[in-house]
1. Would you pull out the residues with amide H under 5 Å of Val133's amide H, same chain only if 5 or more places away, H placed 1.01 Å from N?
2. Which pairs break 31 Å Cα to Cα here: Lys114/Lys261; Lys112/Lys261; Lys193/Lys293; Lys114/Lys275; Lys35/Lys59?
3. Please turn the phi angles of region 253-268 into ³J(HN,Hα) values with the Karplus equation 6.51 cos²θ - 1.76 cosθ + 1.60 (θ = phi - 60°), one per residue in order, whole Hz, x for glycine and proline.
4. Take every Cα-Cα pair in region 240-353 and report what % of them are more than 19 Å apart.
5. Check Gly145: other-chain or 5+ apart residues with amide H under 5 Å from its amide H, H built from backbone geometry?
6. Can you check what the net charge comes to around Met234, using other residues whose Cβ is under 10 Å from the Cβ of Met234 (Lys, Arg +1; Asp, Glu -1)?
7. Provide the per residue accessible area, probe 1.4 Å, for region 217-353, rounded to a whole number of square angstrom.
8. What is the gain in length, in nm to one decimal, between Met113 and Arg23 on full extension, counting 0.36 nm per residue of separation less the C-alpha to C-alpha distance?
Amino acid sequence: MSLIRGAKRRSEKQNEESWTPERYLQELEAFLESKASELFDGKRTLQLHPRGLELVNNKLASLDKLNDLNKSEQPLDYIRAYVSDINDHQRLERIQNIILRLPKVKLMSLSKMKRDPTPIDLTHFRFLTSLEVYKCDLSTHPALGIAELRPRLQTLVVSNSAEALGHIFAPRGSESELSDDVPREWQKLTTVKCSHNSCSRMDSSLTLLTCVRSLDLSANCFKAMENLHNCVNMMSLDLSYNRISSTARLNERCGNLTQLKLRCNSLTSTEGIDKLYSLEHLDLSGNLISTFKEISRLSALPCLEVLFLKENPIGFASNYRVEVLSRLVGLVSLDGAEATTKELAARRGQQATAGGLNKGEEEYLYAPKLEKRRKSKLRNVDIVPPTFDRYALPESNSSFGKEEVDLPQMDTIREKDPN
């Protein structure tokens, strides 16, 4: 076993020693040319590490200087510089032509734990629609070229790479360097995932996300929900694994949400959530909700179908599932499990006992008793009772809920014999 490990280490060392910038560029060029069609169609994503990106940028910068020299009044110097390494420049030109047209790029550090401090420069990637950044450093050195992507970027993923949201959406110095035709808002950015960073505040840079539909800010250090008032198109919000203690007035900022995830925070109340009338999926597991009164608030949500409440104090109550299901009649799934037939029956019984049903539903459940009561009021006549299906839902024009009793036809009534 030790011999195998030793051979593996020696091979890795030989690979590191044989790895040169020229070899890296050769393999990058071969990959780009062989996968060009898939890269342009978005079926494949170009993945680079920050040091490799820095090498490519340095080489392309030298190519730009050479092109500037060609435009100047020194053609002889240009010819000498170009001929000195003509193969290298031709390779760079091919790489540059492909990079300019790429729609997707992923940057990932080679280290498994630490962030790579190498500065990020995306100025050569002008037509990106999707950008992913993992374990890089966007806070120590502001990323270049990100702000220029505002008119066309659609998907942005930044994980374990920033200390503040402003370093992602509004890098330092980017506003002053932008031309007048570049907007401040992210005009096409619809999907944002900035999880597992070290951000402590939802700062004003979030107001630039006017078109975002899905926003994932999980696994940060947020204590309050702020600056979401411009995210009017947002339908999905994930703030799991933060330190949020209140959702008051959330409906005033995110009234169109259909999915909300607040797993593992410090919530004790559902105030604000109870007015998100479009909400369909809600995750409140791992919080501090201890009373069923807070669950009853959610009965005002007509579209709510999926709810997660496990690992809250109320989860240890007896008949926890029945209690929740009895308060939320339209709920389909609780904690990832659909309501069973037994739980539905228990819910109906508990609702009827506690008076939790409306008048029409109560009369629906107790229709046989009501019919018997109506008979007792007409002691001097015999009534042929109408057919009744106790399991059929009442029609909208049903007589249930009315005080008067509809008498049957005259031919069904006969006077009783007084004797």
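The values are calculated or read from the model by the stated rules, or taken from the named source; none is laboratory data. Model, not experiment: these values are computed from the prediction. With ideal geometry, Cβ positions are generated from the backbone for all residues, glycine too; neighbour counts draw on all protein chains shown. For accessibility, only protein heavy atoms count, side chains too; no ligands or nucleic acids. Shrake-Rupley method; radii C 1.70, N 1.55, O 1.52, S 1.80 Å.
1. Sorted by chain and number, the residues that satisfy this are Leu107, Val157, Val158, Ser159.
2. The answer is Lys193/Lys293; Lys114/Lys275.
3. Running phi through 6.51 cos²θ - 1.76 cosθ + 1.60 with θ = phi - 60° gives 9, 10, x, 9, 5, 10, 9, 9, 10, 10, 4, 6, 10, 10, 7, 10 Hz.
4. Within region 240-353, distances greater than 19 Å cover 41 percent of Cα pairs.
5. The answer is Leu122.
6. Around Met234, the surrounding residues sum to +2.
7. Counting only protein heavy atoms, the per-residue value for region 217-353 is 45 Å².
8. 29.7 nm
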